[in-house]
1. Starting with the fewest neighbours, write out Ser236, Ser222, Ser55 ranked by other beta-carbon atoms found within 10 Å of each beta-carbon.
2. Taking the number of other C-beta atoms within 10 Å as the exposure measure, put Ser128, Ser365 in order starting with the fewest.
3. Once a ≥ b ≥ c are taken as the square roots of the eigenvalues of the Cα gyration tensor of the chain, is the result rounded (a/c under 1.5), prolate (a/b larger than b/c) or oblate (a/b not larger than b/c)?
4. Between Ile270 and Glu200, what is the FRET efficiency for a Förster distance of 22 Å, r being their Cβ-Cβ separation, to the nearest 0.05?
5. For Phe172 and Arg46, what is the calculated FRET efficiency with R₀ set at 30 Å and r taken between the beta-carbons, to the nearest 0.05?
6. Sum -39500 (n - 2.57) across every DSSP H segment of at least 4 residues in the chain, then divide by the residue count to get the 222 nm mean residue ellipticity, nearest 500.
7. Take Thr75, Thr254 and order them by how many other Cβ atoms sit within 10 Å, fewest up front.
8. Treating only the Cβ of Lys, Arg, Asp and Glu as charged (+1, +1, -1, -1), what charge dipole size does the chain show about its Cα centre? Round to the nearest 20 debye.
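Just so you know, all these numbers are worked out from the coordinates, no wet-lab data involved. These numbers were taken from a predicted model, which means no experiment stands behind them. Cβ placement follows ideal geometry from the backbone for every residue including glycine, while neighbour counts extend to all protein chains displayed.
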Amino acid sequence: MAFFNIFKPSIIEENDQSDYLTIKEEWRISAENKKIFREYEKSRRRKVDESEYLSVMRDSNNVVEFDDLHTYFYTDVGTVKAVNGVTFDIPKGKIVGVVGESGCGKSVTSLSLMQLVQAPHGQIVSGSIRYQAENGKCYDIAKMPMTEMLKIRGKELAMIFQEPMTSLNPVFKIGDQMDEVVMLHVDGATPASAKARSIEMLNLVGIAMAENVYNSYPHELSGGMRQRVMIAMGLSCDPRLIIADEPTTALDVTIQAQILDLLREIKDRINGSIMLITHDLGVIAEMADHVVVMYAGKIIEQGTVREIFHEPKHPYTVGLMRSKPNVDKAIDRLYSIPGQVPNPINMPSNCYFYNRCDKAMAICSNEYPAMIQFTDTHCAACHLYAENKDTVFFEALGMDSQEEQKENHE
Ligand SMILES: Nc1ncnc2c1ncn2[C@@H]1O[C@H](COP(=O)(O)OP(=O)(O)OP(=O)(O)O)[C@@H](O)[C@H]1O
Ligand SMILES: [Mg+2]
């Protein structure tokens, strides 16, 4: 951005309404950011008493509760509100699917839960992430010091990262990387017991010749094998929650199906929960119990998988449902939602979906809609429902009305 600005005539800069910044503006933002980083760094070094990050779960059936979470990136071109007020629960023993288009904040939400947001420019600014730990205590991860977080990260909370090639260290053998996890988190682990556990986990995730893979470097494995290694590594300490960020995106469909079966099987075996992040609605339909739909850093709809697939409320979710392939209908092209997500640095104060929504009303260009509750589990943020409007727009979009959908279903 700065490169282009150097050549930008100052006369244009005066009245320019575009997203370009002058060098001067970038310097100013950068100086402000430095001040913010210093503040965060100071508070990070402060000794924190346990009482400051102990909390109480809203519902004891949940393992994690996100409560109005805000995670921002302070960049030289402005503040990216990657996660901008996210609230949802992950119940014990359930799979929660998180969907939404690229850049909507799915990964940053999960990285916030693991305290892995790239500091200093990435920071949890406000909100809570309550976690029901194995020891019976409820921690607010957003306020937890790193020394305490290290005790649960990798042990109770495991993450399968989006890109297995960049998540595995290329200069260490698979075995060394897997053993490290066990040595760190299992009390009384010895090199021999760690190796035995690593090989047991490699076998569990269906890797043939586990001993050979144990002695290989990441580049010697295929994409599917690396993904399995990541899963094996994540599960080696029997976590309570597995965060799987696009675990199957880089894999072909047969391996995808195997990995999903494996995840489900392991979840049942350890009686854990899964936060499953994906673009793939098919994966969600097959795996998830609850679905959270994100758009531009906010949750726009959430509900059980049945509610989201059979009674989508938000026009964005309706569009998502229309864009999935349907084997029963002969069509020459798939539906795509026109338009683009607003710039994350200058988010408008109106509905973020306004410029793409074919049901937009006057109020949508003025106010961000409040979350409307439809059932105990189903809610959506859309003005259409605030005015008690019926969901006639389903027909306009070529979908069955809600009543018809219910009848068909029954
Ligand atoms: N390290 C970073 N520095 C600055 N901005 C970042 C950083 N990481 C993420 N972002 C911004 O945060 C927003 C959310 O990113 P995130 O990675 O959570 O998207 P996502 O929903 O996981 O997308 P995808 O489906 O492509 O993985 C994006 O606008 C992105 O540009
Ligand atoms: Mg992502």
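1. Values: Ser236 24, Ser222 10, Ser55 21.
Placing the least packed residue first, the sequence is Ser222, Ser55, Ser236.
2. Numbers: Ser128 19, Ser365 13.
Placing the least packed residue first, the sequence is Ser365, Ser128.
3. oblate
4. Numbers: r = 14 Å, r/R0 = 0.62.
Computed FRET efficiency for Ile270 and Glu200 comes out at 0.95.
5. Numbers: r = 34 Å, r/R0 = 1.14.
Efficiency, rounded to the nearest 0.05: 0.30.
6. Working: 18 runs with 156 residues, N = 410.
So the calculated ellipticity at 222 nm is -10500 deg cm²/dmol.
7. Working: Thr75 17, Thr254 9.
Going from least to most buried by this count: Thr254, Thr75.
8. Working: 42 positive and 57 negative charges, 246 e Å.
Roughly 1180 debye, rounded to the nearest 20.
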